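Chemist: Provided herewith is a single structure, encoded as structure tokens, for subsequent inquiry.
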Amino acid sequence: MLKQFVGIVALATLCLHAAGASLPRLEQRGKSTQLIVDDKPYLILGGELHNSSASSADYMAPIWPRLKQMNLNTVLSTVSWDMVEPEEGRFDFSSLDRQLEAARAQGMRLAVIWFGAYKNARSTYAPGWVRRDTARFPRVVAKRSKPEFMSYEGAMPMAVLTPFSAQLQTAERRAFTAFLAHLKAIDPQHTVILIQVDNEVGMLGDSRDRSKLAQAAWDAQVPASLMNHLERHRGTLRPELLAIWGRQQFRRGGTWEQVFGKDVQAEEIFMAWAYATYLERVAQAGKKELALPMYVNAWLGPQPGQPQAGDYPSGGPVARMMDVWKAAAPSIDLLAPDIYVDDVKGTLADFDRADNPIFVPEARFKAVNVFRAIGVHKALGWSIFGVEDLFPGKQLTQVYEVLGCMSDVILRAQAHGAMHTVLLERDDPVPASLAGYSLTVRGMTAQIKKMMFDAGLSAPAGGSAAGGEAAVPAPVKKDPTSFGFVIAGGAGEFFLVGQDFMVDFARNGKLAEIDFVEEGRFRDGRWIPGRRLNGDELVMLLPAQGVGLIRVKLLETER
């Protein structure tokens, strides 16, 4: 009985401590912007549920434990406007309450996606009372020249509400504020650490809305706040935006057509301002209730098969429109790319700016991309879409287990520049420097094959995979197959985590030599050693397929 009482007191103390912690926030820590949760840096190892999963607690009941077994620490789940306000002014947040209870039972955090007026450039999550009243809540008008993406001739129409409607903005702002007020009341322990405001906003089928409200805005003067922002930041504007403005001799005022022109590119800027100012007012009102970090996600464009605005959602928070969004929506903390294109490297570089920390809320799973985002771009984290389709035991489970156990180490290394990211795209050795040492990084499988060839031996067939997961697209040809991190620990101490690479160390003209190597894991920030590796295993320290973690201790000879 005494033991049970002590346990209850301990649990209560833990809850009070968590409830007393500051709100989750973004904060500059050394060389990186980091997500701070319970006053400590936090690395999101996440997965996003399918759109409808979180709407049913019964459906989710067997899924939550499975997500925990997959080593997720964060689940991206949804709250839908049509469910929480089925009648105007009557709110029902029971679906959110059940998600919070389930996440807490598994010891996981939530990033909640607000499906409001816009989801994938459509308005199917707006309540029926909104969609029925087209006089009060007008629709967009599009001049379509070709079918919309993922539609067909004879398909039933899907509602698309115009962002120029003040009535719509007021209605969504009221619902979003009620949602965050409820969350504030029931989540003092900050189970929810991030909010996504709507989903992949923009307009499909045309480059701009041609409704009466939109036309009036198009014919009006470009807002002074946008012009002032462009003028102040002219030297750092995205080249695409600068070129469009430059065609009009960098006019400092006038109508949208006078300042930017009358083509698809000019109209994309116009729509970006419309959606960004709409969501700014929603987010700003919400933050007055609960100032959690907020982001918007981008359906990427241009991309293969979708070369211009309207093929992808015109006005969405794509990289080329980032300056417009930053000017219009200061309450939105970051623009986050949903990455389903092959060019992950280029996409991450496109979105990585000093004022835009990287977070990837939707992507296919490839281990190499997780390492690229966290290492090269100091990402807040990574999340794959449709995570409930996967099962424990796949590579996602392994990667999240290894990175999760050492997230404190990774985040500290991010902040202090104590980490080298390995991404070998060729068989050539790559030089690097870290913590006063010169590093030569090689692909392990490639180097072993070379040594065997030099010795006149036949190399085994096959090779390593680029971190693919069953039932997802095959790795892109150029994906690195050797990847990971080299992290500096104490004096002469390094941690190697990743797949299929090896490192040689040197310092100040002295040849470094391995003192010892051991496998292991971190537990509560403390290294727990496993096998001590020596002999033949010194050549193959990391697995050729799958992610490993080792600690290397060096000594220096006098040669």
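The values are calculated or read from the model by the stated rules, or taken from the named source; none is laboratory data. Being a predicted model, the structure only gives us computed values, none of them experimental. Cβ: placed from backbone, ideal geometry, glycine included. Neighbour counts: every protein chain shown.
Chemist: So which residues in segment 521-556 are under 19 Å from Ala435 (Cβ atoms) and surrounded by 15 or more Cβ atoms within 10 Å (Cβ to Cβ), if there are any at all?
Modeler: Within segment 521-556, Phe522, Trp527, Leu541, Leu549, Ile550, Arg551, Val552, Lys553, Leu554, Glu556 qualify.
Chemist: How many of the residues making up segment 146-180 are over 14 Å from Ser123 (Cβ atoms) and in contact with a Lys or Arg (Cβ under 7 Å, 6 or more places away or on another chain)?
Modeler: Residues that pass the stated criteria total 1.
Chemist: Oh, and also: Quick check on my filter: what residues within segment 429-473 are modelled with pLDDT under 75 and either surrounded by 18 or more Cβ atoms within 10 Å (Cβ to Cβ) or closer than 23 Å to Val399 by Cβ (or both)?
Modeler: Gly462, Gly463, Ser464, Ala465, Ala466, Gly467, Gly468, Glu469, Ala470, Ala471, Val472, Pro473 - these are the residues of segment 429-473 that are modelled with pLDDT under 75 and either surrounded by 18 or more Cβ atoms within 10 Å (Cβ to Cβ) or closer than 23 Å to Val399 by Cβ (or both).
Chemist: Oh, and also: Could you tell me whether segment 259-268 includes any residue that is surrounded by fewer than 23 Cβ atoms within 10 Å (Cβ to Cβ), within 25 Å of Ala178 (Cα to Cα) and β-branched (Val, Ile, Thr)?
Modeler: The answer is no, given that none of the residues of segment 259-268 is surrounded by fewer than 23 Cβ atoms within 10 Å (Cβ to Cβ), within 25 Å of Ala178 (Cα to Cα) and β-branched (Val, Ile, Thr).
Chemist: To continue, here is another question. Show the residue pairs meeting these rules: Cβ distance below 7 Å; 6+ apart or different chains; first residue within segment 224-253 and without any contact (Cβ under 8 Å) to a residue 12 or more places away in the chain and at negative phi; second residue assigned to a helix (DSSP H, G or I) and surrounded by 15 or more Cβ atoms within 10 Å (Cβ to Cβ).
Modeler: Short answer, once both residue conditions are applied: Arg251/Val259.
Chemist: Can you name every residue in segment 175-191 that is assigned to a helix (DSSP H, G or I) and in contact (Cβ under 8 Å) with a residue 40 or more places away in the chain? Walk me through it before giving the result.
Modeler: Going through segment 175-191, the residues assigned to a helix (DSSP H, G or I) turn out to be 175-186.
Scanning segment 175-191 gives Ala175, Phe176, Thr177, Ala178, Phe179, Leu180, Ala181, His182, Leu183, Lys184, Ile186.
Chemist: Additional query: Of the residues Thr170, Thr134, which is more than 31 Å from the chain's Cα centre (by Cα) and assigned by TED's automatic domain parsing to the domain that holds Arg281?
Modeler: Thr134 is the lone residue from the list that is more than 31 Å from the chain's Cα centre (by Cα) and assigned by TED's automatic domain parsing to the domain that holds Arg281.
Chemist: Let me ask something else. Output yes when any residue across segment 50-67 is assigned by TED's automatic domain parsing to the domain that holds Arg208, on the phi < 0 side of the Ramachandran plot and in a strand (DSSP E or B), and no when none is. It would help to see each step written out before you state the result.
Modeler: To start, the set of residues in segment 50-67 that are assigned by TED's automatic domain parsing to the domain that holds Arg208 comprises 50-67.
Then keep just the ones that are on the phi < 0 side of the Ramachandran plot; that gives 50-67.
Subset that is in a strand (DSSP E or B): none.
No, segment 50-67 contains no residue that is assigned by TED's automatic domain parsing to the domain that holds Arg208, on the phi < 0 side of the Ramachandran plot and in a strand (DSSP E or B).
Chemist: Please specify each residue of segment 339-356 satisfying the condition of being surrounded by fewer than 19 Cβ atoms within 10 Å (Cβ to Cβ) and β-branched (Val, Ile, Thr).
Modeler: Result: Val341, single match.
Chemist: With the checklist (1) surrounded by 22 or more Cβ atoms within 10 Å (Cβ to Cβ); (2) more than 16 Å from Glu289 (Cβ to Cβ) in hand, flag the one item Phe179 doesn't pass.
Modeler: Going through the list (1) surrounded by 22 or more Cβ atoms within 10 Å (Cβ to Cβ); (2) more than 16 Å from Glu289 (Cβ to Cβ), Phe179 breaks only (2).
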